[in-house]
Amino acid sequence: MKTSQSERLDRVVADARRQADERAHGYRERALKLYPWICGRCAREFTRRNVRELTVHHRDHNHDNNPPDGSNWELLCLYCHDNEHQRQIEAVRTGGTGSTGGPSSTFAPFAGLKNLLARKPPP
Ligand SMILES: [Zn+2]
Ligand SMILES: [Zn+2]
């Protein structure tokens, strides 16, 4: 008897592969259906003509995390998207990945302000 099991397995694998492919390429389509075509940062509006400049950003930077409710997606224009990733790179560079580090004590957004305020012109 010839078994068709391996054949079936082949098909299952092929199907799964195709579905994964569709999922990977499909999230943009789905995100565009789910959200208005507006950049989440600069509020620039998009139309059919320039929608290719609108990109789908993954909030957690994990492109495999595509929940159907779109909670991991954010529509950003090319520039804001670039910016967003630049910030991420800088965060990593400044030690954002440290596993031993507690809260980033080196990051004091108001330190500079304090210095500025202290630097009063002489009377
Ligand atoms: Zn933008
Ligand atoms: Zn992104």
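The values are calculated or read from the model by the stated rules, or taken from the named source; none is laboratory data. Everything numeric in this text was worked out from a predicted model, so none of it was measured. Note that we place each Cβ from the backbone using ideal geometry, even for glycine, and neighbour counts take in every protein chain shown. Protein only, heavy atoms only, side chains kept; ligands, DNA and RNA dropped before computing areas. Shrake-Rupley method; radii C 1.70, N 1.55, O 1.52, S 1.80 Å.
Amide H to amide H, with H built 1.01 Å from N, residue 55 comes under 5 Å of 76, 77, 78, counting only residues 5 or more places away or on other chains. Put a dot 7 Å past the Cα of residue 33, heading toward its Cβ, do the same for residue 6, and the two dots end up 3.9 nm apart. Electrostatic tally near residue 40: other residues with Cβ closer than 13 Å to its Cβ, Lys and Arg +1, Asp and Glu -1, net 0. Subtracting the Cα-Cα distance of residue 64 and residue 19 from 0.36 nm times their residue separation leaves 14.9 nm of extension gain.
Amide hydrogen proximity for residue 73: with H placed 1.01 Å from N in the peptide plane, the residues at 5 or more positions away or on another chain lying under 5 Å are 59. Starting from the Cα gyration tensor of the range 32-98, take the square roots of the eigenvalues, sort them a ≥ b ≥ c, and report rounded, prolate or oblate (rounded when a/c is under 1.5, otherwise prolate if a/b is larger than b/c, else oblate). The shape class here is oblate. The 3J(HN,Hα) values that the Karplus relation (6.51, -1.76, 1.60; θ = phi - 60°) gives for the range 57-65 are, in residue order, 9, 9, 4, 9, 6, 10, 6, 8, 8 Hz. Gly and Pro appear as x. Counting only protein heavy atoms and using a 1.4 Å probe, what share of the accessible area of the range 44-84 belongs to carbon plus sulfur, as a whole percent? In the range 44-84, the share of accessible area belonging to carbon and sulfur is 42 percent.
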